[in-house]
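Report on the following structure.
The values are calculated or read from the model by the stated rules, or taken from the named source; none is laboratory data. Keep in mind that what you see is a predicted model, and the values were worked out from it rather than measured. Don't worry about glycine lacking a Cβ; one is built from the backbone with ideal geometry, like all the others, and counts go over all protein chains shown. These accessible areas exclude ligands, DNA and RNA; they are computed on the full protein's heavy atoms, side chains included. Shrake-Rupley method; radii C 1.70, N 1.55, O 1.52, S 1.80 Å.
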Amino acid sequence: MTPDSPAPATPEASPAPRTINPAIDVMMEPQRGFNLRQFWHALLERIWIVGLCVLAGLFVALGYLGRTPKTYQSHAVLEVDFQEPTFVAGDDSPMRMRSMFLASQEALRTIEQNLTNRQMLARVIRAEGLADDDGKALLGAARGQAPNEKVTPVPSNGARTQPNAVEGMTFTPMENALAGALSTMVKATIRRGTRLIDLFVTNGDPVMAQRLAEAVGREYIRNAIERRASFSNDTLRYLVEEEERLKANLQKSEAAVAEYKEKNPDALQLGGGTVATGSQAGSGSGAGGPRGGIVEDKLQDLSTKLTAAKTDRLRLEGELKQIEEAGDDIDMLVAIPSISGAQLVGEARRNDTQIQADIATLALRYKEKHPRMMAAKAALREANDALRRAAKAQPPILRNAIAQARTTEANFETALREQQGTAMALNRAAIGYQELARQAESDRALYESVLRQIKSTDLTKDIKTNAVSVAEHAVIPRLPVSPIPSKTIIFGLLGGLVVGLAFVFGADTLDRSVRTVDQAEAVLGLPVLAAIPETKDSESKKARDGKGAPREAAKYRLVDEAPGGVIAEGFRNLRAALSLLGPEVDRRLFLFTSALPDEGKSFTSVNYALALAQQGHRVLLIDGDLRRPSIHKIFAKKDSSEGAEVGVVDYLVGNVELKQAARLVATVESESLNLSKSRDPKATTGQLFILAGGQMAPNPAELLSGDCFKKLVSAAVREFDRVVVDSAPILAVSDTLLMIPHAQTTCMVVRAGKSPRNAISRALSLMSAAGVRPAGLVLNRLPRRRGAGYYYYYTSDGYGTAGGAYAGQYGRRHSATSNVASNGAGGV
């Protein structure tokens, strides 16, 4: 041991407690949900798959463009009016109902659906003669003219044949089949907020698309006009028949009225329907006669006069009573209408008013005793007396008028009673006549109404108007609407991208391995102490052969063989991380294990031991995998034959001591730059000893279950500065679970991209049941493909190689490394 080495522990001292650093003792919370960073890593790793999918999507789009025939779309616009145009003004109910329907949204929907009606489209097929060639022109491919080729549009009235039957029209099976095919090409859409309907027709031939768009709109309008004309003809025919029937009924009714008049001449004195009917020819009554009958009119006149006479009498009697109540009060008498309206009273009042006005004028100039004033006052007294005498003379005149009014009233009452008797007698005699007159009047009203309908229908039946008109005619399309190359290629690229991303996401979701540092820490709840990148072939070729060491064995010792590489730097990071977990006295015994075989625990153990030796320590590497020992193969000479080598099993059974079993395999110059040159040169070199597995044991678990392994590690800690144990996989055998209670620091080696999470979790559960929790994880063979920088935690390639400490220094000092023969035991 070197003078500066720490004091060895006593044989009785057990390994230090296996307490984890409190800073990492708290389990990390597993991440839930979608992890964007993890998906980004997976995408960078499998970006070539996405590229292939995008390229495949491009080829699929190009293939679709090459195989899909081009289709062209022509566009026409139809306009729907609120009411059908007409040249005859009318306010009939059918027209109002028709206008209300056309103003509704249901009318637009109805027209929209009828534009794609198969019966109507069959009319288009027949009108355009598209069934003559068995639909080849309609269903054939595009004619192939270039977009700039000049074509002649089909005129809107170019229908070859026009169906002329609206009702009962039949079509051939070919026409019906072509109408069904045409319905898939026609699309009608109502423009929102307008009364315009866009009519789209798609076909492989641009000329045929324009021709069909015009034909569909034209045939719909023609069909609507023909339907209306047919309806008008049927209506006119019905009205003519009805006019003949009503005319005959009217003649019978008028003949019956005339016959009744001849038998009952007095019936003409009554009014009502008699006068209305009698106004016609042959009624026997004057056209200009009064509205009511003679008897009825006279009766009404007598009743009115009687009421007026009675009203006048009552008025006069009321005024007479007022006169009696007024007495000599001239003001009240003059206020009564009959007195104030008398001529003498009026003249006296005007004279009195004139004298009062004169007195008021004289009073402005003269005093009361002036002769003119006195004369004026005397004239005023005479005028008042005259007014009084005129008012007193009116009551007798009023009494005479009342007596005369009573006589007139009595006369009117007598005449009214006589006329009422005459009217009642005539009404009983004219009941039959009035019934016949009303029937004749009803027949005449119906007859005249039918005549007006016939005249209106006859005027409008030949008017070819319709509420639907063509607002914009179709034109020949120049560019196809399907397929659109740019859109198809974009969709193909996007589809390939989506498929590629979905494949990457699915592969990442189904992958149960640990791939990144973040994922390992989040899923397993342990810190990643170091991330060891995957070894490249170029680095393996640069690994220098040891003195007689096999080339495959040299690949395991990259810390020593390639000290300037990123792998060696990763193990130095592991060495630094483990040294920071606690006091040095508690960090001398290290055990490396894994959940499954081929995780890289032996590779990690060897390189970590070499990294410790580079610090100037005497390190013992123990091969704890007694089932498949491999340490002795890594440090075997190239020309030596593999044979039995003493090791752990021999020590456990008591056949050999530790000093005899341990073999010196490497002497490494220390990396420390703080050692003084004046000190012992041996203090500047580190030594690596290995304790091989030894002979094959039939019962390794029984050997490890006792205190033998505890004595082994206690002795190793006393004799060496650092002890590294390479153990067996936990899930493979139970040997490791018997060893880890005696180790100070336990590390779990996980192979990136291969170790299943459930297997690692199971191994951690078994270790927890044994009372041990690993200090952390070593993520081995981390991929260094594109985007590896996002996987973190190992030195970039080539950093510091130009003039760094490992550029040429290790090449000069590597000659100090020595290998000892496999059968010779090195001095401890």
Next item on the list: Give, as residue ranges, the helices (runs of 4 or more DSSP H) completely inside region 343-454 that count at least 3 residues that are under 30 Å from GLU259 (Cβ atoms).
Entry: 394-429
Checklist line | Among the residues listed as LEU574, LEU529, the single one being of a type in the set (A, V, I, L, M, F, W, C), modelled with pLDDT of 80 or more and open to solvent by 10 Å² or more (accessible area, probe 1.4 Å) | finding: LEU529
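With the requirement that a residue be of a type in the set (A, V, I, L, M) and open to solvent by 100 Å² or more (accessible area, probe 1.4 Å), what does region 346-374 give you?
LEU364, MET374
Quick one: which of THR422, THR414 is under 30 Å from VAL295 (Cβ atoms), at pLDDT below 75, open to solvent by 40 Å² or more (accessible area, probe 1.4 Å) and among the polar types (S, T, N, Q)?
THR422
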Margin query: Consider region 303-325. How many of its residues are under 16 Å from THR407 (Cβ atoms) and touching a helix residue (DSSP H, G or I) at 6+ places or on another chain (Cβ under 8 Å)?
Written below: 8
Next item on the list: Give me the pairs, please: first residue somewhere in region 621-649 and part of a loop (DSSP other than H, G, I, E, B) and open to solvent by less than 10 Å² (accessible area, probe 1.4 Å), second residue anywhere and of a type in the set (Asp, Glu) and at pLDDT 85 or above, beta-carbon distance under 9 Å, and either six or more positions apart or on two chains.
Entry: GLY624/ASP726; GLY624/ASP735; LEU626/ASP735; GLY647/ASP623
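Out of the residues in region 83-126 that are among the acidic types (Asp, Glu) and modelled with pLDDT under 65, state the one that is least open to solvent (accessible area, probe 1.4 Å).
GLU84
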Check: In this structure, is SER449 modelled with pLDDT of 85 or more and either open to solvent by 30 Å² or more (accessible area, probe 1.4 Å) or aliphatic (A, V, I, L, M) (or both)?
Finding: yes
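For every residue, the table says whether it meets (1) at pLDDT below 80; (2) open to solvent by 90 Å² or more (accessible area, probe 1.4 Å); (3) within 60 Å of the chain's Cα centre (by Cα).
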{"residue": "VAL275", "(1), (2), (3)": "yes, no, no"}
{"residue": "LEU306", "(1), (2), (3)": "no, no, no"}
{"residue": "THR311", "(1), (2), (3)": "no, no, no"}
{"residue": "ALA376", "(1), (2), (3)": "yes, no, no"}
{"residue": "ARG388", "(1), (2), (3)": "yes, yes, no"}
Next item on the list: Pull up region 183-193, narrow it to residues that are open to solvent by 20 Å² or more (accessible area, probe 1.4 Å) and within 25 Å of the chain's Cα centre (by Cα), then point me to the one that is nearest to ALA209 (Cα to Cα).
Entry: LYS187
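Can GLY600 be described as within 11 Å of ILE532 (Cβ to Cβ) and either of a type in the set (A, V, I, L, M) or open to solvent by 10 Å² or more (accessible area, probe 1.4 Å) (or both)?
So GLY600 fits the description; yes.
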Note to self: I'd like the full set of residues that are out of contact with any helix residue (DSSP H, G or I) (no Cβ under 7 Å at 6 or more places or on another chain) and assigned to a strand (DSSP E or B), limited to region 687-710.
What the structure shows: PHE689
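Conditions tested, residue by residue: (1) crowded, with 23+ Cβ neighbours inside 10 Å; (2) modelled with pLDDT of 90 or more; (3) β-branched (Val, Ile, Thr).
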{"residue": "LYS555", "(1), (2), (3)": "no, no, no"}
{"residue": "GLU561", "(1), (2), (3)": "yes, no, no"}
{"residue": "GLU569", "(1), (2), (3)": "no, no, no"}
{"residue": "GLY582", "(1), (2), (3)": "no, no, no"}
{"residue": "SER605", "(1), (2), (3)": "yes, yes, no"}
